[in-house]
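Handing you a structure now.
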Amino acid sequence: MESIRQKACPNPACPDAGKLGAANIIGHASFKAKSGPRQRCLCKTSGKSLHANTGTAYFGLRCSRSEFDQVATMRVEGVDISAIARISGHSRSTIERWLQRAAVSAKRFNDEHLRNFEIKEIQADELCTFVGNKTNTRWLLSLVEVSSRLWPSRVLGRRSYRNTELLFNQTVVRGRVVGITLVTSDGFDFYETVVHKVFGVFAVYGQVIKTRRNNRV
């Protein structure tokens with residue numbers, strides 16, 4: 001849970017609306033809920049109060065934060081949604097809604113806080129998945145900054161030049177290139193062109209080409 005100092009006034013008419021960390025947000029009162037005590041905050045600029053959970057994945061939940069966190073953690077560890085439902089005692093549809101909340105909150109956190117990291121070594125890769133049936137495929141393109149183990153960008157969609165370029169541009173915009181960056185990938189055609197376009201002379205690029213023999217890589 002974020003501290004009060006990380007709250008922002010949700011009132012669009014407030015001059016400080018959306019400004020995280022503004023000094024105008026203070027603790028105001030507390031109240032009891034079924035899932036435990038809750039705090040309210042006050043925006044000194046607008047005079048409006050806000051829930052301490054405003055702007056977080058916990059806002060409006062009818063459960064404890066620990067239950068929600070446990071469900072999100074189990075999913076991150078690869079536990080099947082049906083299994084999570086059985087373990088937690090909640091319906092599958094409830095678990096799916098909670099995970100959607102967690103995903104939106106995590107994306108917002110990354111967009112706000114994943115900035116100014118050093119870009120020294122990057123690994124690019126793709127994962128093929130499907131929606132509904134195996135004929136409706138989707139590609140998840142992702143980058144890993146090896147020295148920090150950050151996953152600074154990912155793109156879900158077609159395995160195309162446009163998405164490949166978007167993937168690398170997201171990383172460069174958020175971070176900062178330190179010296180000559182080492183970039184590695186598999187043999188996907190568009191990587192080499194995009195790396196040279198985005199990094200120019202400030203990158204060394206290498207491909208790892210996988211071959212199989214007797215069902216072994």
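The values are calculated or read from the model by the stated rules, or taken from the named source; none is laboratory data. A quick note: this is a predicted structure, and the numbers were derived from the prediction, not measured. Cβ sites come from the backbone with ideal geometry, for glycine too, and all protein chains shown count toward neighbours. Accessible surface areas use protein heavy atoms only, side chains included; no ligands, DNA or RNA. Shrake-Rupley method; radii C 1.70, N 1.55, O 1.52, S 1.80 Å.
Taking GLN100 and the conditions (1) in contact (Cβ under 8 Å) with a residue 24 or more places away in the chain; (2) farther than 30 Å from LYS210 by Cβ, which numbered condition does it fall short on, given that it satisfies the others?
Result: GLN100 passes all but (1).
Which residue is least open to solvent (accessible area, probe 1.4 Å), if the candidates are limited to region 162-190 and must be among the charged types (D, E, K, R) and at pLDDT 95 or above?
Start the filter on region 162-190 by keeping residues that are among the charged types (D, E, K, R), which leaves 162, 165, 174, 176, 186, 189.
Add one more test, that the residue is at pLDDT 95 or above, and what stays is 162, 165.
Details: ARG162: 194, GLU165: 40 Å².
For region 162-190, the residue satisfying everything is GLU165.
Could you tell me whether ILE122 is under 30 Å from VAL204 (Cα atoms) and among the aliphatic types (A, V, I, L, M)? Walk me through how you get there before you give the answer.
Numbers: under 30 Å from VAL204 (Cα atoms): yes; among the aliphatic types (A, V, I, L, M): yes.
Yes, satisfied.
Of all residues in region 191-217 being in a strand (DSSP E or B) and either in contact (Cβ under 8 Å) with a residue 12 or more places away in the chain or open to solvent by less than 30 Å² (accessible area, probe 1.4 Å) (or both), which is nearest to ASN116 (Cα to Cα)?
Going through region 191-217, the residues in a strand (DSSP E or B) turn out to be 203-207, 213, 216.
Narrowing the set further to residues that are either in contact (Cβ under 8 Å) with a residue 12 or more places away in the chain or open to solvent by less than 30 Å² (accessible area, probe 1.4 Å) (or both) leaves 203-207.
Values: ALA203: 18, VAL204: 21, TYR205: 22, GLY206: 25, GLN207: 27 Å.
Among residues in region 191-217 that are in a strand (DSSP E or B) and either in contact (Cβ under 8 Å) with a residue 12 or more places away in the chain or open to solvent by less than 30 Å² (accessible area, probe 1.4 Å) (or both), the one nearest to ASN116 (Cα to Cα) is ALA203.
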